[in-house]
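One structure is given below, encoded as C-alpha cells.
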Amino acid sequence: MSNLSYCRFENTLRDLEDCYEFLRNSNSEDFEKMTAKEFNSMVRLRDLCEEISNEFEPFPTCVPEDDDENIIMEYIYNSEDKNE
C-alpha cells in the first residue's frame, strides 16, 4: 500500500524502524525462516538506504515549518545542481 504524500516519511519511518529492530534482534534462525522474496527485499532495502544516505548527504540542518516550502525547494534545487 502506498503512502499519502503528506505523511509519506512519517509512515515509512515507523516501518523502517520496525525493520531495523528486527535486524538488530535477529539471529541466524530468523533469517533462515524468511522466504527468498522477503530476504531479497531486505537486502534491497539495505542497499536503498545506503543510496539515499549517499545521495542526499549532507542533509539540511534546519527543520522547516509546515508552511515553509521555500526551504525544502531550495534544498532540492541545490541538491540537483550537485548531481549534474
Need pairs with beta-carbon distance below 7 Å; first residue within 18 Å of S41 (Cα to Cα) and within the range 1-17, second of a type in the set (A, V, I, L, M) and at pLDDT 95 or above; sequence gap 6+ or separate chains. none
Conditions (1) outside the structural domain of Y6 (by TED's automatic domain parsing); (2) modelled with pLDDT of 65 or more; (3) within 17 Å of the chain's Cα centre (by Cα); number of the one not met by L23: (1)
Checking D30 against (1) over 17 Å from the mean Cα position of the chain (by Cα); (2) within 20 Å of I52 (Cα to Cα), which test does it fail? (2)
Looking only at the range 15-44, how many residues end up being under 20 Å from N3 (Cα atoms) and not charged (D, E, K, R)? 5
Taking the conditions exactly as written (more than 17 Å from the chain's Cα centre (by Cα), surrounded by 10 or more Cβ atoms within 10 Å (Cβ to Cβ) and at pLDDT 65 or above), does E74 satisfy them or not? yes
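The values are calculated or read from the model by the stated rules, or taken from the named source; none is laboratory data. These numbers come from a predicted model, not from an experiment. For neighbour counting, all protein chains shown are included, and Cβ atoms are generated from backbone atoms with ideal geometry for every residue, glycine included.
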